[in-house]
1. So what's the stretch 1-120 giving for Rg/Rh, alpha carbon basis, Kirkwood Rh from the mean inverse pair distance?
2. Ranking request for peptides 107-113, 59-65: highest mean number of other beta-carbon atoms within 10 Å first, then the rest in descending order.
3. Arrange ASP37, ASP122, ASP165 by Cβ neighbour counts within 10 Å, fewest through most, would you?
4. To make sure I understand, if each residue's beta carbon is the centre and we count other beta carbons within 10 Å, what order do ARG441, ARG383 fall in, fewest to most?
5. In which sequence would PHE175, PHE357, PHE317 go, from the one with the fewest C-beta neighbours within 10 Å to the one with the most?
6. With the contact rule set at Cα under 8 Å and sequence spacing of 6 or more, what percent relative contact order holds for the chain?
7. Indicate the gyration tensor shape class of the stretch 328-433 (rounded, prolate or oblate), computed on the Cα atoms with a ≥ b ≥ c the square roots of the eigenvalues: a/c under 1.5 is rounded; otherwise a/b larger than b/c is prolate and the rest oblate.
8. Grab the other residues whose beta carbon is less than 11 angstrom from that of ALA191, score K and R as +1, D and E as -1, and report the net.
Amino acid sequence: LFAELLRLRLQHQYGAKRVAELHCAAGRWFAGQGMIDEAIRHLLASGDSAAAAEVVAEQFQPVMNREDWPRLERWLAMLPEPAVMNHPVLLLARAWCEQFHFALPSVPPLLARFDALVPTLDLATAAVLEARAAPLRAFILMLRSDPAAALAQTEISLKQTPAEDRYIRSMAVYFHAMMLHMVGRGEEAEAWLLDLLRAARGRADAFTMRLQFALCTNYRASGKMEKLRAIAERMLADALAEGLSLGEGWALVYHGHVAYEMNDLAEAEVQYAAGIRMMYVAHAAAVRECLFGLTLVQAAQHRFDDAAATLAQLREFRAGLDPEIDSLAARLALAQGDQAAAMRWVNSFRPGALPPFLHWQEIPALTAARILAVTDQEATLRRALELLEPVAAWAERSHSIWRSVECAVLRAVALDGLGRTQAADDALHTALYLSEDTCYRRTFLDIGPRLQGLLARQMRRKSTATIARLLLRELHDELGQQAQPSISAEAPVDALTAREMEVLTLLARRYANKEIAQEMFITPNTVKRHTLQVFAKLGVNDRRTAVEKARQLGLLNDEL
């Protein structure tokens, strides 16, 4: 009230024009001091909304480089709507904020409005802004499963985005690397990203964060779990050190994925829960993935009340916008044994005209096939195979080992239900072969008891006997049955061969498979086979646990 009285006296004494001049001068001073909120307020009070818009536009690049999108969004909200909609930089800023919210339908109209303003700009400015918009266009094209068109957009951004636009360039690199992997140039993408990381010489910022993000995304798709874990650890450490919330959120997604697939449910819950706590600062898609992941963790532990609560939190967070939420609810119903509820959703499901985006945790077409594959009716089993066929073909074309394995497992279950035993065994053999060095566990275990007979038959095949035995042991344990391990837990020393002990020792020294192969003068595939034998005999799922178990049993000393 007192401040209002002072403002009235000032206006009465000096007049509206002079007061506006004072506000304008104050706004420019605050802007020069980096106090943007105050600058916007004073410039708006002066009646100069165009100047306020310019202040925000000048902050677009540095704020994006700091990944401080909530601040950018707050500044945009302070401006009059016409000031935003008639400024090309602010239109891009809003489009990026909508992308951070994962509000995808809002992005194309903003880009269309941006396109209408570009002809009014000089050529140099237009080129820079087009480069800043290109990663957003690539993102939309990527979700529409058009990697070739997305690559064309990322090439524009990589050529024309100024070097100081670290975040925008990083997103161009990220989408470019993803698309390279999808068109079969994954090794080229990996080498390029690693070269860029080495050139950064330990620098951690928005750009290097996206390099690691791209590596993690491609490693997850190709099932390279150990590489994924290593890069995700570095990504999380860098994000925490530099306060990069977008990077931190995605690093937690990948940590959770590794733990979940390796059946370390307790660790997966820790990582996913940490991501959910970042609900209002991390990327909305990352938070969504953590909510999906936590729901699956809780369902795998038969904590169905907790899973239902997490699902409700997901609905509230996304305002029920995503069709994947309904498919996850159907998957949860199936896990609880409520096949009728699951089938009600399946009967309402219609696959989209475009292939699904395979990097999301939840894919409705695969959930529909999962539900149909465990029925006992020929028509529904055939429907499961029909749904799987285009997804499996797309997974193969886009080089997604993760989804190829999942499709092959579900296909095996459906074929087995139809009595096509040989075809079912061949499909599961394909899944096991693809997952031999990927450490996939939950992709198989989430199928449930229908997989037992199929795995038992795979134990007759020499090439898949070890991993089938390991999965069957875990499935028995999960279903509360008595596992029948191939060796006694009390006497593993006699069961491990000298070659396997040598591999175990090198695992304890944190050698990679290629390093073990060089040390032992054997091929990497032979290393993988020995490693799986060690896992099966020790009754573990991963390197770290194998080393811990071996130390507990006295197979390794604590110095290794």
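1. The Rg/Rh ratio comes out at 1.06.
2. Descending packing order for the listed peptides: 59-65, 107-113.
3. Lowest to highest Cβ neighbour count: ASP122, ASP37, ASP165.
4. ARG383, ARG441
5. PHE357, PHE317, PHE175
6. 8 percent
7. Here the stretch 328-433 falls in the oblate category.
8. Local net charge: -2.
Every read-out reported here was derived from the displayed coordinates using simple, explicitly stated rules and does not represent laboratory data. The shown structure was predicted, so the numbers you read here are calculated from the model rather than taken from an experiment. Heads up, the Cβs are rebuilt from the backbone with ideal geometry, glycines too, and the neighbour counts pull from every protein chain shown.
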